[in-house]
Amino acid sequence: MKQKEKKQNALLYERPNFYKDAQPEQIKAAMDYAEDYKAFLNSSKTVRETIRFTETLLKKNKFAALPAKKGQKRVYGIFRNKTIAMAVIGERPVSEGINMVAAHIDAPRVDLKQNPLYEDATSATACMRTHYYGGIKKYQWVSTPLALHGFVVTKDGKYLDISIGEKSDEPVFIIPDLLPHLARKEQYSKNLSEAIDASKMNLVFSSRFEAGSEEKEALKVYALQLLNQKYGITEHDFISAELELVPAIGARDAGIDSSMVVGYGQDERICAYTALTALLKDLPRKPKRTMIVYFSDKEEVGSQGNTGAHSVFIQDFVAQVLAQNGEDCSSANLRKCFMNSQILSGDVTAAIDPNYPGVHEKQNAVVFNHGIGVSKFTGSGGKYGCNDANPEFTAKVLKLFSDARIQWQMGELGKVDEGGGGTIAYIMANLGAEVIDCGVALMGMHSLYELCSKADLYCTYLAYSEFLYKG
């Protein structure tokens, strides 16, 4: 009977569970890995901050910016301070193909408008007008503590990095919600998507003015005085500034067993961090194929622009890597390199939510603690806008993970016609490379405080490392 069961089990697929299979030291390693990850989330709430964090870590590990000295094998490139790629050049020619993990580092947020500051006479407050970025549920952003981050170029040409609301002695900001006593007509009678009007997501910035002031806009003027005293900012400087509102509360352990991480921006900095640390994991070891990790911007709004995945940056970077290795960097050889390449599109997927299981098809959905989530395709409806990975490459990646005893699970983003979502996979595939989506499953994706499993986080780190070095 046991022999028969063994044969039957060999025919079946059963997704592994990290806590069922892992040894105590592996569980401890997963818990420890999450500590540095939380610190990363707290220091990297914007794209520019993520770039700075990454460059600092690369320099510590003796990476050099391109163009670099002859023979330098660890190199990186940054463009517009919003997109970055890093490479460890392998033993084989770069033109024979690279192993790449590509992730985006922007996240849904609320931006200040170009000319945001105004004085509201009715409420006797100074306010800031906003414009949301990416796919958010607007109601989540009201009545929650927000921090102001960003970058300002002043009229006299100075560059200023802004961060207000992260430290305990700094003020936070609020977009106030309407009290339930008065919401019957304004909100309760409307659809959820319409209950919070984007034009009414104005930030209460300040509420006092200088004693004895007779200024026409005393509240606004006083707010500008404070900004000018601390940062040297004038109202004119807002016009070109890049100022973003993000949740002020930092990443924390979640669950009575501390088995999860809750925090802002995990879509999509979770795959960026695991890819970066995977690249750095075994640096003394010389890889056979060149390894590249690429972080793009603007994915949440279509990957357009000169820092999005549609830009020429990643192609230019690979051409520079070819040249750094003494190889022909012509367009023909660059195309050959990409067509010989293998890429994991590092993007999150949706874990089954215990409160809304009906939006998933359980057999083809991912769940917490079962490892890295692999998605053969994303897109929506009839796989519209997807990269549908080839079976040869899909099987190769899954075998690589299985042989290394790394937990993985196959899934997709919800039921057919329920919704769906896109990644940068198809953009990378357009270059001719083999591409598949692989990343961490989240609950509450695109919310202010997304939830991930520490086990899945750690498995993704191990999976990316295995792919980069052995793929």
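The values are calculated or read from the model by the stated rules, or taken from the named source; none is laboratory data. In this text the structure is predicted, and so the values were computed from the model without any measurement. So basically every Cβ, Gly included, is an ideal-geometry build from the backbone, and we count neighbours across all protein chains shown.
Here are a few things to note about the model shown:
- Selected residue (criterion: surrounded by the most Cβ atoms within 10 Å (Cβ to Cβ)) from residues of the stretch 296-317 that are of a type in the set (S, T, N, Q) and in a loop (DSSP other than H, G, I, E, B): THR307
- Note on the stretch 1-102: enclosed helices (runs of 4 or more DSSP H) holding 2 or more residues that are more than 30 Å from ALA147 (Cα to Cα) and basic (Lys, Arg) are 2-11.
- Which numbered condition VAL110 fails, given (1) free of Cβ contacts under 8 Å to residues at least 40 places away in the same chain; (2) crowded, with 16+ Cβ neighbours inside 10 Å; (3) not small (Gly, Ala, Ser): (1)
- Annotation: of all residues in the stretch 126-145 being within 19 Å of the chain's Cα centre (by Cα) and part of a strand (DSSP E or B), the one that is nearest to LEU112 (Cα to Cα) is TYR132.
- Against the list (1) hydrophobic (A, V, I, L, M, F, W, C); (2) at pLDDT 95 or above; (3) outside any helix (DSSP H, G or I), the condition PHE209 fails is (2).
- Strands (runs of 3 or more DSSP E) contained entirely in the stretch 236-295, each with at least 3 residues that are in contact (Cβ under 8 Å) with a residue 12 or more places away in the chain and under 22 Å from GLY165 (Cα atoms): 242-247, 260-263
- Listed by first and then second residue, the pairs linking a residue in the stretch 297-321 that is on the phi > 0 side of the Ramachandran plot and assigned by TED's automatic domain parsing to the domain that holds LEU431 to a residue that is acidic (Asp, Glu) and modelled with pLDDT of 95 or more, with Cβ atoms under 8 Å apart and 6 or more places separating them unless they lie on different chains, are LYS298/ASP106; GLY305/ASP297.
- Selected residue (criterion: surrounded by the most Cβ atoms within 10 Å (Cβ to Cβ)) from residues of the stretch 6-45 that are touching a Gly at 6+ places or on another chain (Cβ under 7 Å) and closer than 26 Å to THR83 by Cβ: LYS45
- Check on GLY371, touching a Cys at 6+ places or on another chain (Cβ under 6 Å), more than 20 Å from GLU299 (Cβ to Cβ) and surrounded by 23 or more Cβ atoms within 10 Å (Cβ to Cβ): yes
- Inspection of the stretch 250-265 finds a residue satisfying the criterion of being touching a helix residue (DSSP H, G or I) at 6+ places or on another chain (Cβ under 9 Å), among the basic types (Lys, Arg), surrounded by fewer than 18 Cβ atoms within 10 Å (Cβ to Cβ) and modelled with pLDDT of 95 or more.
- Selection from the stretch 243-270 of residues that are farther than 30 Å from GLU170 by Cβ and touching a strand residue (DSSP E or B) at 6+ places or on another chain (Cβ under 7 Å): SER259
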